Amino acid sequence: MEAGVACKLNYPTWIESERFGRNSTGSLRFGRIAKEEHKARLVVLPYFPVLTSSNRFRSVSFEISCSSSKNFSASTIETGSVHAPYDEALVLKNKSLEVEPYLNGHSIYLVGLMGSGKTTVGKILSNVLSYSFCDSDALIEQEVNGMSVAEIFKLHGERFFRKKETEVLQRLSSKKQLVVSTGGGAVVCDVNWDYMQKKGIVVWLDVPLEALAQRIAAVGTHSRPLLHYEHGDPYTKALKRLSYLLELRGKNYAKANARVSLEEIAGKLGYRDVSDLTPTEIAIEALQQIEGYLKEEGGMVVAGL
């Protein structure tokens, strides 16, 4: 819910009242004249709503009062609202400032299926919180002589990869002020949860399977070793495997401290499809969900407050 009025600003100016109007974009325009006796004093009072949720446009209400230069008894000549874009980065920054006191330096671990945007959203969060960003898959690749995840699966098998994944999470668990993008299967090992929640908060990026399959099909499946078991076109392969993996891991993802549902964000913002969401809007929602969790009694204990 938006608050009623966040601030009210006065913008007095002398204008020619007959030439007052609004253009098609909703902005205000004023025509000036030189002769003092024909001038009118116009005061525009815009009302800016508090930005408590992300949206690409905001309705800004305004009231226009007018008085002549000889008689300053003002009368309202128009009220209304304009639909104006907002600064997405500013909303994100403001939300981060609200969350920081509750977060208290604890790390954030992002979990979710492959292609859910953990790395993209994680980098946005780390930047706005002034945290360090870590990609657990990238750290594993560094340890195995720069091999890609796909190569590690092919040459050493999934069990070897999962062992390395646990070792990486164990090392990261002793540190604070991290945003960690985990591998899609990190949630299946119980000990990984112990490491992630030792000094961290786990956030599940919950993306509809169809949207995930479209994302993966668009960039190709060659870098996704778990998709090599399926047959068909890239979208069909991705959707089949993702459906299987969600059934296998769904209960594990649900153990996260906070859930960020892209379907719920899209519905709240009035978007037809989750693909219309920007990574920043998802990051804002993640901070809101983290804040909500930490304000609860259990979350406060985890954060050491």
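Read-outs throughout are calculated quantities, based only on the coordinates presented, and are distinct from any laboratory measurement. What you see is a predicted model; the values in this text were computed from it and never measured.
Brief remarks follow.
- You can think of it this way: the chain between residue 191 and residue 158 has 10.2 nm of extra reach, that is 0.36 nm per residue less the Cα-Cα gap.
- Inter-centroid distance (Cα atoms) of the stretch 246-268 relative to the stretch 117-170, Å: 21
- Cross-link pairs 198/295; 199/255; 118/175; 95/251 - those with Cα-Cα distance over 23 Å: 95/251
- Note on residue 295 and residue 263: the extension gain reaches 9.1 nm, defined as 0.36 nm multiplied by sequence separation minus the Cα-Cα distance.
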